[in-house]
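Here you go, one structure.
The values are calculated or read from the model by the stated rules, or taken from the named source; none is laboratory data. Values in this document were obtained by computation on a predicted structure and should not be read as measured data. Note that each Cβ is placed from the backbone with ideal geometry, even for glycine, and that neighbours are counted across all protein chains shown.
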């Protein structure tokens, strides 16, 4: 029986003018499959597909530690 990856969406509030820099850096992280700049309450949405919760936690922690990231919300998708 094979296990499915954990899919999560991370919504980021970014410091003014840092959106494109964060998009580039986030796109290079392990398990990040998509990064989009969006308009509305959040500035960037990151899709992560990780094999374990530990891997997901590492990727989210790296996003949160980036200079210019002010706030994050992580949404874990259900099957």
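What is the residue count in the stretch 1-37 for residues that are within 16 Å of residue 68 (Cβ to Cβ) and surrounded by fewer than 19 Cβ atoms within 10 Å (Cβ to Cβ)? Full working, then the answer.
From the stretch 1-37, those within 16 Å of residue 68 (Cβ to Cβ) are 10-29, 35, 37; that's our starting set.
Cutting the leftovers down to surrounded by fewer than 19 Cβ atoms within 10 Å (Cβ to Cβ) gives us 11, 13, 15-21, 23-25, 27-29, 37.
Here the count works out to 16.
Still on this structure, I have one more. Keeping to the stretch 45-74, report how many residues are closer than 17 Å to residue 15 by Cβ, under 10 Å from the mean Cα position of the chain (by Cα) and in a strand (DSSP E or B).
Residues in the stretch 45-74 being closer than 17 Å to residue 15 by Cβ, under 10 Å from the mean Cα position of the chain (by Cα) and in a strand (DSSP E or B): 4 in total.
All but one of (1) at pLDDT below 95; (2) in a helix (DSSP H, G or I) hold for residue 79; which doesn't?
The one condition residue 79 does not meet is (2).
Further, regarding this structure: Hey, can you tell me all the residues within the stretch 1-44 that are touching a helix residue (DSSP H, G or I) at 6+ places or on another chain (Cβ under 7 Å) and part of a loop (DSSP other than H, G, I, E, B)?
29, 30, 31, 43
For the condition at pLDDT 95 or above and over 11 Å from the mean Cα position of the chain (by Cα), what is the one hit in 21, 34?
Details: 34 fails: over 11 Å from the mean Cα position of the chain (by Cα).
Going through 21, 34 in turn, just one is at pLDDT 95 or above and over 11 Å from the mean Cα position of the chain (by Cα): 21.
In the stretch 38-68, what residues are surrounded by 12 or more Cβ atoms within 10 Å (Cβ to Cβ), closer than 19 Å to residue 20 by Cβ and without any contact (Cβ under 8 Å) to a residue 24 or more places away in the chain?
38, 64
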